Amino acid sequence: MDVDYSGRIPNNVGLADDRALQRALLHWQPHFVEWWRSMGPDGALMHDVYLRTAVSVDRDGWAQFGYVRMPDYRWGIFLNPAQPDAVIHFGAHKGEPVWHDVPGEHRANLRRIIVTQGDTEPASVEQQRHLGNTCPSLYDLRNLYQVNVEEGRHLWAMVYLLHRHFGRDGREEAEALLTRRSGDADHPRILGAFNEKTPDWLAFFMFTYFTDRDGKFQLCALAESGFAPLARTTQFMLTEEAHHMFVGESGVSRVVQRTCQAMIALKTDDPAQLREAGVIDLPTIQRYLNFHYSVTVDLFGADRSSNAAIFYTSGLKGRFEETKRADDHVLQDAGYPLLAASGGKLVAQEAPMLNALNEVLRDDFAKDSVGGVGRWNKVIEKAGLPQRLVLPHKAFNRRIGSFAELRVSPGGEVIDDAAWQANVDRWLPTVADRAFVASLMGRVVEPGKFASWIAPPSIGINRQPVDFEYVRFN
Ligand SMILES: [Fe+2]
Ligand SMILES: [Fe+2]
């Protein structure tokens, strides 16, 4: 599984031995770079950025740090090593050897899964492309670019599968991944959350905390796939994903920390006074949290889904930590509680688990999301302040699934439209909130300096000091 760095596409998949595939990917590569130049980070083509680049799939020392101009980043194809006797762990094919090629009967579904995952990767780069113009520090700017180049590599990971395993259809899908655009009315990205704007850095941190975590759970479910190349590539993507969620969690934490400092110094929790002091008040942070959480939980799809059942039973997409679960991994007789409105309340009703697998994954995501919120609250608690941030109820502000027809408060009460309208400005970011946050966004690029609304990190990247020159402008 040695990585071949000698060619134009770094890889550990033996690309040099497959001329046709190599030719197809070398044909796609300039289209990708063209997309990066026009839709990647705005005005950043010439910057030297202190980036990590994947150079191996060994757990230790898989990445190397150094200054790179982003269009020259070595986007490569890396699969975790094949397990010689691997078997499928779930569904109708449980116990059978994993597939190294696409089984004909699952071809359309697998292609759809890979394209849907692949589409999110360039979408987030597009959503974040203007953020470099308003970075709160060089440290944060580097982190943004790191996330961006790795999402670019995740696109490569999916495009490799399309080219290698799906013939002409796969090549067409790979081209289409470069032609859809986040938020475009005529050619939008496939999933709703990836067409939303990421207009400011608070939104970016919430996005990387919540929406990249959706990515983690989707990748974990695909890492169980009976289609071994998909499992092996998503396993390696997860290594990179951890940093994206770190950027989000630590970013929000530093915003909260700075706000608490101002609350103590000014002895106030009045949003107007805090805004005057150049920090983001906690209620505004809570509204951003509510928005990003609710948009992200929609990404898991409808609570009842026959596709989810088919993907599982066919062995294409497992559950989070499938092999650690104690049940039969076939789930024909298993049930799962789904919430439904009854008599003005949300009550649990048993549904077949196979049809509820989107909800199973969503609930696992929700459990995982709680941790960071708890750590943000620790920051507030340490400052001696009584306020707390909370995750809204999963039925709040939904567009997808059975909750889409309901109005539900962040606390989980079913309410009528009048009550929703009367309170929505307390629950979701208002135009004025967004304008205020936007007004704070100025570009800070002097090493070691940070914008007024965010505390410095406690340590730098790759053991470099916080005031390291993480980005050099040319
Ligand atoms: Fe990604
Ligand atoms: Fe990510």
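No value in this document is a laboratory result; all are computed from the given coordinates. It should be emphasised that the depicted structure is a prediction, and the values quoted were computed from it without experimental measurement. Backbone-built Cβ (ideal geometry, glycine too); neighbour counts: all protein chains shown.
Data table
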quantity: Under 5 Å, built H, 5+ apart or other chain: amide partners of residue 339; calculated: 349
quantity: Placed amide H near residue 407: partners under 5 Å, 5+ positions off or other chain; calculated: 415
quantity: Karplus-derived HN-Hα couplings along the range 175-192 (A = 6.51, B = -1.76, C = 1.60, θ = phi - 60°), whole Hz, x at Gly and Pro; calculated: 5, 5, 5, 9, 10, 5, 9, 4, x, 6, 5, 8, 10, x, 5, 5, 9, x
quantity: Placed amide H near residue 346: partners under 5 Å, 5+ positions off or other chain; calculated: 414
quantity: Over 25 Å between alpha carbons, listed pairs 197/394; 345/378; 216/382; calculated: 345/378; 216/382
quantity: Neighbour cut-off at most 15 other Cβ (10 Å), DSSP loop, GluC sites (Glu not before Pro), the range 315-416; calculated: 321, 413
quantity: Whole-Hz ³J(HN,Hα) from phi, Karplus 6.51 cos²θ - 1.76 cosθ + 1.60, for the range 372-383, glycine and proline x; calculated: x, 4, x, 5, 5, 5, 4, 4, 5, 4, 4, 6
quantity: Partner aspartates and glutamates for residue 317 [C-alpha distance under 12 Å; skip if fewer than 8 residues away on the same chain]; calculated: 224
quantity: Exposure proxy order (Cβ contacts within 10 Å, fewest to most) of 159, 115; calculated: 115, 159
quantity: Footprinting exposure proxy for 166, 205 (fewest neighbouring C-beta atoms within 10 Å first); calculated: 166, 205
quantity: Residue 239/residue 424 FRET efficiency (R0 56 Å; Cβ-Cβ; nearest 0.05); calculated: 0.90
quantity: Burial ordering of 459, 114, fewest other beta-carbon atoms within 10 Å first; calculated: 459, 114
quantity: Spin-label model distance (nm) - residue 38 vs residue 184, 7 Å beyond Cα toward Cβ; calculated: 0.8 nm
quantity: Whole-number percent relative contact order across the chain, with pairs defined as alpha carbons under 8 Å at least 6 apart; calculated: 19 percent
quantity: Helix-only [θ]222 nm of the chain, DSSP H runs n ≥ 4, -39500 (n - 2.57) each, per residue, nearest 500; calculated: -15000 deg cm²/dmol
quantity: Derived scalar couplings ³J(HN,Hα) [the range 83-93; Karplus, 6.51 cos²θ - 1.76 cosθ + 1.60; whole Hz; x for Gly, Pro]; calculated: 8, x, 10, 5, 10, 6, 9, 7, x, 5, 9
